[in-house]
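The values are calculated or read from the model by the stated rules, or taken from the named source; none is laboratory data. Just so we're clear, the structure is a prediction, and the values are computed from it rather than from any experiment. All Cβ positions, glycine included, derive from the backbone under ideal geometry; neighbour counts span all protein chains shown. Surface areas here come from the heavy atoms of the whole protein model, side chains and all, with no ligands, DNA or RNA. Shrake-Rupley method; radii C 1.70, N 1.55, O 1.52, S 1.80 Å.
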Amino acid sequence: MKTIKVDYLARVEGEGAVRIRFRGEQVRDVEVRIFEPPRFFEAFLRGRSYTEVPDITARICGICPVAYQMSSCAAMEDALGIDAGPTIGALRRLFYCGEWIESHALHVFLLHAPDFLGYPDAIAMAREHREIVTAGLAIKKAGNAIVRAIGGREVHPINPRVGGFHSLPPRAALRELLPGLEHARQAALEALEWMGHLNYPDYETDYEFVAVDAGAEYPFIGNRIISSRGLDIAVRDYDRHFQEHQVPYSNALHSRLAQRGAYLCGPLARFNLHFDKLSAEVRAAAARAGLAPPCLNPFKSIMVRAVEVAFALQEAIGLIERYEAEGAPFVPASVVAAVGHGVSEAPRGLLYHRYRIDDAGLIRDAKIVPPTSQNLASMEEDLRRLAPHMIAMTHPEATRLAEQSVRNYDPCISCATHFLKLTLERE
Amino acid sequence: MAARIIGVGQQWAGDDGVGIAVIRKLREAAARCELIELNEPARLIDLLTDGADPVVLVDALLDDGPSGRVLLIDSHRRDARSKHLLSTHGLGVMDAIELARALHPARVAPRIFLVAITVQEAARRGVGLSPVVDAAVPRAAAQALMLVARG
C-alpha cells in the first residue's frame, strides 16, 4: 500500500495534516486530519450575556474577527427584533470590506502565489518578485486601516456591539483612508493581469455552490442562503438543511447538505452565484484575466480572491465617499427570551451563528458553523479526484499538489477546530 | 538615524506580553531611544526599513527549558523562523525580518538584534506575567539598552 503524507500543512492557519492511502492504483481513503485541539467556544458562551457575544466570538479568529462579530450581531438582532438601519448597515459593509481586503491580500500574495510561481514561500518569492509582495502588503495595509478606523484596532476590534457600534467613526478619519485605498485598488487590478497568465492545473468539479443572498448587493450580510442547485432558504431554516457530523480522524466537524452531500462556500461560490452584482469595471477586469462564471476550477480561486479584493476596495471607496457620521451609533435592545439566527460571508465563506437567550439576556445555547468546516468535505473530494495523478509523482511533487489544493480553500483550522501533514499509503 | 527598541507581544496573553513590559520599563527609565509597542509583526517590515538603526526587538520565545532566561538571538538564524512559516494570521518576527531584508536590501536596518525571553506555552494565558518572567524584565531591558549603546 502506498501512502502519501503531508505531516504538517504549511501556509495555512492552524495545525493539520493530509493522509491519502492507495490499494494498487485505487484511492482507498483520503483524510484531512485536523489535530489542533477543540476550543469549546459554543460551550463557554453559555451563561454569558448577549451583549458579550461580539467580543467573545471575535477571539475565535485573528484574521476574520469581523465576520464573527457580524454574524453574532446578526443572530442576536434577529432574536431581539432589532433592525439596525441603513447607516449602520453601510458602516458594517465597509468594516467587512476591510476584513476581506486584508485577509484575501495575505492569502493571495504571500501564501498562495508562491505555489503558482514555484517558490517554497513568500520570502523566497520576494527576492525575485519584490513587486508582487510589496503590492500585497500595500493592499493588506489598506484593509487593516479600514478595520482599525472603524473597529478601534486591527485585530479583535472593540467597537462593534449588538445593535450597531459603540461610536461612529468621524467622517474625516475615514476620508483619510481614500488615497491608500485607491492605490490598493489599482494594485489589485494590475495583479489580476499577471494572474491571468499563470498556469492552472487542469481540474474542474461540479460543486454545489452555497452563499448568502443579500438582494441586489454582492453579499456580506444577508438573511437568505442560496445554492447553485436551487436551495433558497431563510437563515432560520439553516439547521433543517445543513448537517454537521464528526469524523473519527479530525477535531473539526464536517458539514453536508441534507440528502445532497458536500458543497462549497467561499469566494468561488460568491463569484459564481453573484457575478452580476460586481461592478462593470471589476467584471471587465475579471474578463481580461480570462475569468467568467461558471468557474469550476478551484485552483483559480486565487484570481477570484483578487477579483473580490478589487471589488471590496471599490465598494469601500464608494461607501466612504457617501458616509456621513450622523444618527445614533446603535439601536438599543429590549431583552426577551428568543432564538436568533445570523449569517454572513467571512472571507473564507458562509459563517452561521445561532443563539438561544433567556429573558435575562443570558445565552442558553450557541451554535457556530465556520466556513472551513463547511468546506472540509469538498476539500477531501478534491484530493480524492487529484490523488490518482499523485501515484506517478515523487513524494515532494505529490505533497506540493496536495498542499496547493488545500490552500485553494484558504482554510482556517483554528476556526474549524473546533490542518498539513500528507500521508499517501499504497497497499 | 536614531536607535529603536520594539517590544513585540500581547499584554493580555500572559507571558507573551513580556516584550511590551520591557518597553514600559524602559519608558519609566526614560531611555533615550525610540520605544515602540507592537502586537502585529507585519508592521515590522515598515519599522525595519525606515532608516532606524540599530533596531532591537524584544519578544517572548517559546522554549522547553526554564522560563525567564534572557537570550540574544542572531537575527540571521534561519532555524529560528517559526515552523509554521507564514500563516493567514500574520508573520512571525523572524519571517518579518527576513521578508524586510528580501524586499528592501538597501533600506533595511544593517543592525537588527533580537532579545528573547524564554516562556512556556501554558503561561501564555491570562493577564500579567508569571513571577519568573516578570523578574527577567529588568535584565532584558538592560540587554536591549546595552545593544543600543554599543551600536
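Okay, here's what the table says:
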read-out	value
Hits in region A:9-68 (condition: assigned to a loop (DSSP other than H, G, I, E, B), more than 20 Å from the chain's Cα centre (by Cα), more than 13 Å from chain B (Cβ to nearest Cβ) and at pLDDT below 90)	A:Gly24, A:Glu25, A:Phe35, A:Phe40
A:Arg364 vs. criteria assigned to a helix (DSSP H, G or I) and open to solvent by 20 Å² or more (accessible area, probe 1.4 Å)	no
Check on A:Ala79, in a helix (DSSP H, G or I) and either within 14 Å of chain B (Cβ to nearest Cβ) or touching a Lys or Arg at 6+ places or on another chain (Cβ under 7 Å) (or both)	no
Answer from A:Glu403, A:Glu397, A:Glu345 - the residue that is open to solvent by 60 Å² or more (accessible area, probe 1.4 Å) and under 28 Å from the mean Cα position of the chain (by Cα)	A:Glu397
Residues of region A:93-129 that turn out to be in a helix (DSSP H, G or I), out of contact with any strand residue (DSSP E or B) (no Cβ under 8 Å at 6 or more places or on another chain), open to solvent by 10 Å² or more (accessible area, probe 1.4 Å) and more than 12 Å from every other protein chain (Cβ to nearest Cβ), as a count	3
Of all residues making up region A:306-338, the number that are more than 18 Å from the chain's Cα centre (by Cα), assigned to a helix (DSSP H, G or I) and β-branched (Val, Ile, Thr)	2
Any hit, region B:106-114, residues being within 21 Å of B:Asp50 (Cα to Cα) and at pLDDT below 90	no
A:Ile88 vs. criteria more than 11 Å from chain B (Cβ to nearest Cβ) and either surrounded by fewer than 23 Cβ atoms within 10 Å (Cβ to Cβ) or aliphatic (A, V, I, L, M) (or both)	yes
Test result for A:Glu281, more than 30 Å from A:Glu381 (Cβ to Cβ) and of a type in the set (D, E, K, R)	yes
Residue within region B:22-36 that is within 14 Å of chain A (Cβ to nearest Cβ), open to solvent by less than 30 Å² (accessible area, probe 1.4 Å) and farther than 19 Å from B:Arg150 by Cβ present	no
Qualifying position, being within 18 Å of the chain's Cα centre (by Cα) and modelled with pLDDT of 95 or more, among A:Gly98, A:Gly81	A:Gly98
Index of the failed condition, A:Tyr207 passing every other in (1) within 14 Å of chain B (Cβ to nearest Cβ); (2) in contact with a helix residue (DSSP H, G or I) (Cβ under 7 Å, 6 or more places away or on another chain); (3) part of a loop (DSSP other than H, G, I, E, B)	(1)
Residue check for A:Pro169: under 27 Å from A:Thr57 (Cα atoms), of a type outside the set (D, E, K, R), within 14 Å of chain B (Cβ to nearest Cβ) and touching a helix residue (DSSP H, G or I) at 6+ places or on another chain (Cβ under 7 Å)	no
For A:Val133: the one exception among (1) more than 11 Å from chain B (Cβ to nearest Cβ); (2) out of contact with any strand residue (DSSP E or B) (no Cβ under 7 Å at 6 or more places or on another chain)	(1)
Whichever residue in region A:173-198 is more than 22 Å from the chain's Cα centre (by Cα) and closer than 15 Å to A:Ser301 by Cβ and, among such residues, is surrounded by the most Cβ atoms within 10 Å (Cβ to Cβ)	A:Gly196
Residue selected from region A:384-394 under the condition open to solvent by 10 Å² or more (accessible area, probe 1.4 Å) and in contact with a strand residue (DSSP E or B) (Cβ under 8 Å, 6 or more places away or on another chain), by the criterion modelled with the lowest pLDDT	A:Ile391
Qualifying residue in region A:138-147 (condition: in a helix (DSSP H, G or I), closer than 19 Å to A:Gly266 by Cα and modelled with pLDDT of 95 or more)	yes
Subset of region A:220-255 [assigned to a loop (DSSP other than H, G, I, E, B), open to solvent by less than 20 Å² (accessible area, probe 1.4 Å), more than 30 Å from A:Arg400 (Cα to Cα) and out of contact with any helix residue (DSSP H, G or I) (no Cβ under 6 Å at 6 or more places or on another chain)]	A:Leu231
Condition met for A:Gly143 (farther than 22 Å from A:Tyr200 by Cα, within 13 Å of chain B (Cβ to nearest Cβ) and in contact with a Ser or Thr (Cβ under 9 Å, 6 or more places away or on another chain))	yes
Candidate set from region A:148-158 (those that are open to solvent by less than 30 Å² (accessible area, probe 1.4 Å) and modelled with pLDDT of 95 or more); member that is farthest from the other protein chains (Cβ to nearest Cβ)	A:Ile150
Answer from A:Val66, A:Val147, A:Val162, A:Val133 - the residue that is within 30 Å of A:Pro396 (Cβ to Cβ) and of a type in the set (A, V, I, L, M, F, W, C)	A:Val133
Output for region A:367-380, where each listed residue is over 23 Å from A:Val30 (Cβ atoms) and open to solvent by less than 10 Å² (accessible area, probe 1.4 Å)	A:Ile368
Verdict on A:Arg153 being in a helix (DSSP H, G or I) and either basic (Lys, Arg) or over 21 Å from the mean Cα position of the chain (by Cα) (or both)	no
